1. In the range 50-89, what trypsin sites (Lys or Arg not before Pro) fall in a loop by DSSP, with at most 10 other Cβ atoms inside 10 Å?
2. What distance in nm lies between label points placed 7 Å from Cα along the C-beta direction at Ala43 and Ser84?
3. Could you work out how much longer the chain between Val33 and Arg61 gets when fully extended? Use 0.36 nm per residue separation minus the Cα distance between them, nm to one decimal.
4. Can you compute the modelled spin-label distance between Leu75 and Val21, with each label point 7 Å from Cα toward Cβ, in nm?
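No value in this document is a laboratory result; all are computed from the given coordinates. Owing to the predicted nature of the structure, the values given are computational and were not obtained by experimental measurement. Cβ placement follows ideal geometry from the backbone for every residue including glycine, while neighbour counts extend to all protein chains displayed.
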Amino acid sequence: MITKEKKDGMIQQSQSEKPFVKKNFIFMVISVVLIIIGFALMAGPGSSVENGFNPEIFSTRRIVVGPTIAFLGFLSMAFAIVYSPKKKD
């Protein structure tokens, strides 16, 4: 465990002690983008009584594709948090 104490009393951790590295943050950003895309695909106008029945609310995009992409985004977020790169000797 290599730590350095700075003049202001803060302790600086070495790169091997940090819980997340740059790859983790890249995976997290990709995951958030997937989640946003999934929710955007599920969005759309609703069905109201005034306008009559709107069959578009049961489209494949809104009930299959959107939730699947959002779910994959949540799974990839879990992977991004758990992922730890191999340490080089």
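1. Numbers: sites: Arg61, Arg62, Lys86, Lys87, Lys88; in loops: Lys86, Lys87, Lys88.
Counting only loop positions with at most 10 other Cβ atoms within 10 Å, the trypsin sites (Lys or Arg not before Pro) in the range 50-89 are Lys86, Lys87, Lys88.
2. Label-label distance for Ala43 and Ser84, simple model: 3.8 nm.
3. 8.3 nm
4. In this crude label model, Leu75 to Val21 measures out at 2.5 nm.
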